[in-house]
Every structure is written in structure tokens, then in C-alpha cells.
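Input: a single structure, listed below in C-alpha cells.
The values are calculated or read from the model by the stated rules, or taken from the named source; none is laboratory data. Because the structure is predicted, anything quoted here is derived from the model rather than measured. Please note: Cβ atoms are built from the backbone with ideal geometry, for glycine as well, and neighbour counts cover all protein chains shown. In case anyone asks, the SASA skips ligands and DNA or RNA and just uses the protein heavy atoms, side chains included. Shrake-Rupley method; radii C 1.70, N 1.55, O 1.52, S 1.80 Å.
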Amino acid sequence: METEDSSSENGLLHRKQALYSSLDSCFEIQKEMYRGQQYSQIYFARLHLMRTLLYSLLPNWKPHIHVCTVIGLEEGKECIIVGTLYKHMKLKPSILEEYSKERSATPLVRPHNFMHPDDHLILEDESGRIKVCGDVLLPSVYVTGVVVALHGKETGTGDFWVEDVMEAGIPHQIERPIKSGEDKYVIFVSGLDIGSSTSNPLKFQLLVDHITGHLGDKKEQSIAAKIVRVIIAGNSVEIPRGLLNGQNLGSKDQFTLSEPIKELDIQLTQIAAGIPVDIMPGPNDPANFSLPQQPLHRCLFPSSSAYNTFSLLGTSGQNIDDLEKYSDANDKLEFLERTLRWRHVAPTAPNTLGCYPFTDRDPFFVETCPHVYFVGNQEKYETRLIKGAEGQIVRLICIPRFSETGVAVVLNLRNLECHALSFGTEFG
């Protein structure tokens, strides 16, 4: 994102602007054709891409260690193998087990996290698979779908004892294209959940008024004038799922279904009249379920989509939520950092996270390091600035659900500083 200056004349505040280039075309499913293909092809594409990358890093890691395939392993011989990890999990949900339990008197328990002390990792390539063991590669940290290089040797029991592990690491980062030294802000908000019991229309209206400069004194308005973009990161509406039962809907039910979207369109029109808006679909929005989620259809927003400042793109938090189910971390930001080091935004797709069965590419591969990496629809606001081995600097942000917290996030494009913006409706 490049920024350009705007001036202020006759005491009137002029909104700052930022030039924007959309890079989401790689996630669009346009010429892809589903011909009954399975998910093995996206795994092969991922392994080929990541293995080529890891091979290029081996000379600086273990240049004198022999590299071989799983089928070429010899007992007791030290070597390096590169492959995709598979995590065998005792508690991982199985549709057959769920079906049998539903038909029994035993209540079906759905734990928040499916980890178990007996979980173990398996590494596989095109030639075969082998169970890996050792204290270096912890099952609690990794998930199915991560491609790594392992240094170790095969044991007498047929396992691979890991002595060291190399991940792809945080990729190269381009220089931030900020030409101006002025403060310019991007607002992030997610989990508006319009139509739900937790949604508060007054909170959202206060946010809209702040963004559009209709809230506060001259000082507040001068800050609002520096907001150059608004990003809505998923779960904007909540539609009553009970009505979607395959039956024809009466006029009353049709109104109930469409009302949250109409209300969202009205609010977005106020913002899009003066500021560029990107709205990203989430798991609860009227969009496709599998990743990469395609843009919400413009016909859902007849008023706001009339503005050329209104864009639709992206995904919103499902990848990190899925990692939390199948691995462990100190906080959500650690999950974000891991996906950068693994160079893959959604490593658990398609194993436990639905995605389109691509045949010749894996669009979730992280080719260049972002300057800002955010995830929407989280329980609370968290942020951290991390640094890579080559000087990369990334601002990690967890955006909380606005309907529950009343919190939006403000990012300064000049220095990547970040802070929470809280809106309440209780007055003392």
C-alpha cells in the first residue's frame, strides 16, 4: 500500500488517501474446474514447492549430511529427509465414530482441543512414510500438512530418531512502500454479527460515526481524517440457520433472513461514501464454506457496492482457529508466527479445514513476508511485533469479535504501531 498526501484548506479537514493494489487474485477460483479430483494433488503441489525451497536452504544448514527419501533410509545411518508431517491424533473427530455415538446412549462430547499425550508424528513423501520420534519435534507444536527437513537416523524399531529440524522460515520481505512521513491509519474490525443476540447497533453506529468524522471534537475529527481504509474481517452478519432447511420460505422468513444483510449494507454505505472498505467473508457469512472463501456477492450490498471504494476479498480467522484445535501454543499470536515460519497460511487444509481441491498449485503458500499479519474473530485483542533472521519486521494482530467486545483495531501505516479502539454504550 502506497500513501499520498492530501491538504487542508480554509479550516476544512480533508481525508488522507492511500494508493491500494489488490493482491488477492491468486485466491480467486475462476478457471479452476472440478473434475472429481481428490486432495492428494494439492499435497503433492505443496510438497514439491516446499521441498525445492528447503533443498535450497540445506547448504547453509547441514551441507555434509546425505539427503535421502523415506524408502532409502538405512538403519543407524545419519541423513536428512524432507517430507510432509502427518499428526496421528487419538481424539481427532471421525465421522464414523460420531455417527455410532449419536445412535448410542452415550453422550457425544466435543472437546475444544483434540490433543492427547499419545499423539505422534509421521513424515511422508512420495516413496513412503515413517514414524518420527525424539524430543526435538514435539507433536504438541506441529500439525498435519507442515513440510519440514529432519536430520536424524532410522532406529532398530523402524522409527526415525530426530536430532534436528529445519523449517522453511520467515520469507524475504520487500521494503514498505511508504513515501510520506505522516500518520495514516487502517481500521480493522471483525465479528460484527449483525442479527445476533450479542450485536449492539449503537456500538457499530458509534464506530461508523468515528470513522466518518461525525464523532468528537476537532482533535478527534483530525485523527479520523487520517483513516485511509477500513477492513471488515469476517462474520459481519448472523443468519438464522434454522430457516435454511431446504423448504420454501414464506415472506416473513425471507424478511428475517435478509434483514441483517440490509442493515449491514446501510451501515457500510455510510463508510464507503468517503473511505475505501474491504469486506472479507467469514465462516458465518453467506459465502462458500471452503477456503479460499470467494468474495461476497455484490448483489447482497446494492447501496454500498455502488461506490468504487467498496471491495470484497479474503478470509477471516478459520486457519488459526483450526490450529488451536489440533496443537498447543502460549497464545493465538504464536500460531500466526508459526504459519509464517512454516510459510503456509493454512497447513491443516484440507485435512481438518475445508479447502478447494487445487490440482497444480497451493495458494496458501507464503511467498513473501507480510508487514502486517492479522486474524479476525478472536476472543480478545492481542498484538506483537516480531523480527525475522534477515531483519523482517511483522506486526501480528488478533482482532476481537466486535459484537462481544466493542473493540476495533487501529494500525498506523507509518510505523506499524497498533492500538485498540473501544466503543461502549454504558454511560456513568
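Structure values in brief
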{"item": "Accessible area expressed per residue, the chain, with surrounding protein chains retained (probe 1.4 Å, Å²)", "result": "50 Å²"}
{"item": "Most positive-pole-ward Cα, 72, 215, 376, against dipole of the chain from beta carbon charges", "result": "215"}
{"item": "Gaussian network model of the chain, springs between alpha carbon atoms under 10 Å - residue of 348, 269, 256 with greatest fluctuation", "result": "256"}
{"item": "Linear extension gain, residue 74 paired with residue 379, 0.36 nm per residue minus alpha-carbon span", "result": "105.0 nm"}
{"item": "P(r), alpha carbons of the chain - 20 Å bins starting at zero, rounded %", "result": "22, 52, 23, 3, 0"}
{"item": "Prolate/oblate/rounded call for region 330-369, Cα gyration tensor, a/c under 1.5 rounded", "result": "oblate"}
{"item": "Reach of residue 226 by Cα under 17 Å, taken over lysines that are not fewer than 8 positions away in the same chain", "result": "16, 179, 184, 218"}
{"item": "Listed residues 41, 270, 254, most fluctuating in the chain (Gaussian network, C-alpha, under 10 Å)", "result": "254"}
{"item": "Inter-site label distance for residue 393 and residue 288 at 7 Å from Cα along Cβ, in nm", "result": "3.8 nm"}
{"item": "Among 320, 89, 399 - extreme Cα towards positive end, dipole of the chain, charges at beta-carbon", "result": "399"}
{"item": "Net charge dipole size for the chain [Lys, Arg +1 and Asp, Glu -1 on Cβ; Debye, nearest 20]", "result": "440 debye"}
{"item": "Surface share of carbon and sulfur [accessible, 1.4 angstrom probe, percent] for the chain", "result": "52 percent"}
{"item": "Inter-probe distance in nm under a simple model that places probes 7 Å from Cα toward Cβ, at residue 415 and residue 328", "result": "3.9 nm"}
{"item": "Mean Kyte hydropathy of 1.6 or more with a Cα span along the axis of at least 20 Å, helices from DSSP in the chain", "result": "none"}
{"item": "Lysines with Cα under 17 Å of residue 92, excluding same-chain neighbours fewer than 8 positions away", "result": "101, 325"}
{"item": "Karplus-derived HN-Hα couplings along region 129-141 (A = 6.51, B = -1.76, C = 1.60, θ = phi - 60°), whole Hz, x at Gly and Pro", "result": "9, 8, 6, 10, 9, x, 8, 7, 9, 8, x, 5, 8"}
{"item": "Dipole magnitude of region 185-422 about its Cα centre (Cβ charges: Lys, Arg +1; Asp, Glu -1), debye to nearest 20", "result": "460 debye"}
